[in-house]
Amino acid sequence: MNNNEEILASDAVGSRLFIIGGMLLIVAGMIFGDLYAVFILHPNVDQISSAMAAATTAISSHDADAVWQHFGQLGDFLENAGTKKDTHVHIIHVGYLALLLAFLQSRIRLNDRFKVMLARLFLVMAVVLPVSIFLIHYVGLVYSPLETIGWASISADLSGLLLAFVILIQLWGLLGSARRQPETGPFSPALGGIGWMLLKGGAVLVLLGFLFGAWYAGVQMQAHEARELTILGQIVEQAHAANQTAAAQSLLAYGQLQGERAVAIAAHAHMVEFGLLAMMTSLIQPFIFLSLVWRQRLAMMLLIGGALLPVAVYAEIWFGLLAGGVADIAGLLVIIALTGMLAGVLRHTGAQDSLGEAR
């Protein structure tokens with residue numbers, strides 16, 4: 001193997017690590033999100049509603065201690081929900097970063113072994129970060145050296161810092177004036193028909209997501225904020241007047257408002273994210289060692305699921321659990337598509353390694 005082949009082989013190893021690790025992270029993040037939505041989200045919402053109702057009752061009874069107790073419980077439930085959502089988001093986003101870095105390896109001027117070491121460090125920290133975020137709610141401040149930050153938060157901050165360090169080093173290598181690698185490295189693919197389909201479909205999803213977000217921000221968000229202030233004022237007045245029936249109705253209206261806001265934001269975010277995912281997976285199509293028919297099927301499953309899920313999420317405002325079930329099915333389509341593509345990448349990796357050994 002000559003020097004040029006060694007460089008390409010090193011690039012291939014680093015890029016494969018990022019591609020395989022990134023796809024595994026995205027699949028894991030989506031599975032976690034589905035499990036959270038099915039088994040944790042709704043019970044957590046019920047707990048938050050119960051805590052708010054109990055706090056309202058305590059206000060009407062002028063029991064200050066009980067009010068503080070129930071609001072403490074409310075904060076605990078909100079932290080539980082927040083850390084789960086942050087875990088889901090961070091797993092997927094570091095997966096996106098890994099895929100992006102995979103396609104830059106042939107253009108990064110760094111020592112070849114150092115690039116592989118950076119890839120491994122990135123993927124390890126990409127696992128440590130969301131796990132640490134998940135544990136924040138459970139670990140708390142136990143045995144922490146700081147008064148307000150627990151060990152899980154410290155671990156999350158340190159892993160995030162190391163991820164930032166890896167990215168900065170990669171950018172520094174990318175900005176190098178001299179190129180040690182050829183202009184077309186092993187992971188600088190030319191898009192085929194399926195790749196262009198995913199690229200164009202993803203671009204459409206991103207555009208629709210931006211348009212929906214602009215519409216929500218310009219039309220609905222202010223109306224939601226005005227409704228929120230009105231309902232909260234009604235809850236306080238009704239609690240002071242000891243009107244439990246009216247207060248319960250206002251709490252129900254407040255919960256419905258928060259649900260409308262949440263599904264609108266989720267629909268916007270998921271549409272943009274699935275568009276970006278489709279665009280990124282368009283670049284790995286030449287490295288999926290599957291038949292053309294199966295690659296077409298997987299690409300269609302990804303685009304259909306990516307388009308259907310945000311629509312179904314938003315439709316939960318009117319159709320409730322029925323739309324939620326459709327959203328879960330759409331998410332499953334995306335997970336199956338990504339898992340199939342990952343299997344194809346692993347087959348391609350095995351084939352390339354076998355050819356390398358034969359040479």
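Some observations on this one:
- For segment 168-178, the set of residues classified as in contact with a helix residue (DSSP H, G or I) (Cβ under 7 Å, 6 or more places away or on another chain) and under 17 Å from residue 96 (Cα atoms) consists of 170 only.
- Of all residues in segment 139-175, exactly one satisfies the criterion of being among the aromatic types (Phe, Trp, Tyr) and within 16 Å of residue 123 (Cβ to Cβ), namely 165.
- Verdict on residue 295 being under 30 Å from residue 101 (Cα atoms) and charged (D, E, K, R): yes
- Matching option when the condition is crowded, with 20+ Cβ neighbours inside 10 Å, in contact (Cβ under 8 Å) with a residue 12 or more places away in the chain and part of a helix (DSSP H, G or I), among 248, 278: 278
- Listed conditions (1) over 30 Å from residue 235 (Cα atoms); (2) aliphatic (A, V, I, L, M); (3) assigned to a helix (DSSP H, G or I) are all met by residue 110, apart from (3).
- In summary, residue 189 fulfils each of the numbered conditions (1) over 29 Å from the mean Cα position of the chain (by Cα); (2) at pLDDT below 85 with the single exception of condition (1).
The values are calculated or read from the model by the stated rules, or taken from the named source; none is laboratory data. Everything quoted here is computed from the prediction, not taken from an experiment. For neighbour counting, all protein chains shown are included, and Cβ atoms are generated from backbone atoms with ideal geometry for every residue, glycine included.
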